[in-house]
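Data first, discussion second: the structure below is written as structure tokens.
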Amino acid sequence: MQEHEPFLMIRFDGAAVGPGRIPVSHLLRFLISLNKVLQRTGRVLSSGTESLRPRSIKEDLALDLTLLRPGSPAAILGLERRQLQASLPAVDFGLQVMDCALNALTVLQQAGDTLPLGCDTGVLMAWRDIGSLFGQGIEKIEFTLNHEKELLHAVFTPTGFTRIQERIKGTQTNVRTIEGRLLMADFKEHGTRCRVHFATGEPVLCLFDDGQKDEVLEAMLHFVRIVGEAKEDALTGRISSIKIHDIERLEDREDEAAELLPQGTPITHAFWESPTLEELSQAQNVQPIADARVLFGTWPGDVNDGFEAAIDELRHLRNRVG
């Protein structure tokens, strides 16, 4: 490691930053997304390797922010490893993950569709989340990994960000975009799917793969934009389902369709316990009827609505079948 230099150094250039200054919102988004890049890369690299547990991956990749360097027109962050590894660099898994992630960033910004080592859809989306800073006053992000062998540089640019977005969307036909609130998801191994609801109209079923599970889980209850390959009803033209290519939270639209969010108070009872009717009512936000007149005319309905005739026909049909 080079003397007096942080293990990982990140430089931000652009109008949104200054000497030793960066907006807190930018910093939080970057650090959260960078952690996702590293954690997801670690899981991809260790898939099928029983000796590597998720907990050890987190420990190997733990970083501390130790520096926000002044004296430059850019904002420069310094990150150090939380625990120095006792193992040799050749078997230092944390170092391998960081090296792999930065090398992958360089490849992902180039032409081609093949994903580099340690990369899947989840990694692409995490880099995409970092790249969203390019629309918020950041013009370039430069990474320098200062490990024992040699310096490793990787530069993230708006052009590269566009290329990563193209990789996420893919080349499938009938690509559509929907925006709504993600309210339901099923994470079963052979049935990963979720539903996006709108202020009006029917929800749309969305299918996702293992690499997108983290993004879907983090987007639950939030307003999202989904891009994917759509299947449509031949008669109505309505989208019946979408295979997700990209899912992105729209933080500036969190107030839209808020009435779709679950209401009431969560039930505190364990699964096998039986809550009272009052507790169920409160959990589902069901209130007593204040005016009984609202029920007038709802039952039995019109005198000649055909209900009795339909029941009589069913009874005769059952007798004939018997």
Completion exercise
Asp233 vs (1) touching a strand residue (DSSP E or B) at 6+ places or on another chain (Cβ under 8 Å); (2) of a type in the set (Asp, Glu); (3) modelled with pLDDT of 80 or more: all pass except (3)
Completion exercise
Subset of the range 12-21, residues closer than 12 Å to Ser72 by Cβ and of a type outside the set (Lys, Arg), comes to Phe12, Asp13, Val17, Gly18, Pro19, Gly20
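Can you pull out every residue in the range 108-128 that is open to solvent by 60 Å² or more (accessible area, probe 1.4 Å) and either at pLDDT below 85 or aliphatic (A, V, I, L, M) (or both)? Break it down into steps so the answer makes sense when it comes.
Going residue by residue through the range 108-128, those that are open to solvent by 60 Å² or more (accessible area, probe 1.4 Å) are 110-111, 113-115, 117.
Scanning the range 108-128 gives Ala111, Asp113, Leu115, Leu117.
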Exercise for the section: Report yes if some residue within the range 96-104 is at pLDDT 90 or above and closer than 28 Å to Ile242 by Cβ; otherwise report no. Expected result: yes
Practice task
Kindly indicate whether any position in the range 205-213 is open to solvent by less than 30 Å² (accessible area, probe 1.4 Å), among the aromatic types (Phe, Trp, Tyr) and under 30 Å from Ser47 (Cβ atoms).
Solution key: yes
Exercise for the section: Inspect all residues belonging to the range 244-254 and state whether any of them is at pLDDT 75 or above, in contact with a Gly (Cβ under 6 Å, 6 or more places away or on another chain) and closer than 27 Å to Gln212 by Cβ. Expected result: yes
Practice task
Would you check if there is a residue in the range 9-29 being closer than 22 Å to Asn103 by Cα, open to solvent by 30 Å² or more (accessible area, probe 1.4 Å), at pLDDT 85 or above and within 20 Å of the chain's Cα centre (by Cα)?
Solution key: yes
Exercise for the section: Mind listing whichever residues of the range 126-183 are of a type in the set (Val, Ile, Thr), in contact (Cβ under 8 Å) with a residue 60 or more places away in the chain and assigned to a strand (DSSP E or B)? Expected result: Ile141, Thr144, Val175, Ile178
Practice task
Filter the range 130-161 down to the residues that are hydroxyl-bearing (Ser, Thr, Tyr) and farther than 11 Å from Met9 by Cβ, then identify the one that is surrounded by the fewest Cβ atoms within 10 Å (Cβ to Cβ).
Solution key: Thr159
Completion exercise
For the range 53-79 the number of residues that are surrounded by 14 or more Cβ atoms within 10 Å (Cβ to Cβ), at pLDDT 80 or above and touching a Pro at 6+ places or on another chain (Cβ under 9 Å) is 6
Problem - Selection within the range 217-265 - under 25 Å from Ile164 (Cβ atoms), in a helix (DSSP H, G or I) and open to solvent by 50 Å² or more (accessible area, probe 1.4 Å) - result: Leu217, Glu218, Glu251, Asp252, Arg253
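The values are calculated or read from the model by the stated rules, or taken from the named source; none is laboratory data. None of these values were measured; they are calculated from a predicted model. So basically every Cβ, Gly included, is an ideal-geometry build from the backbone, and we count neighbours across all protein chains shown. The protein model used for the area step is the full one, side chains on, heavy atoms only, and it has no ligands, DNA or RNA in it. Shrake-Rupley method; radii C 1.70, N 1.55, O 1.52, S 1.80 Å.
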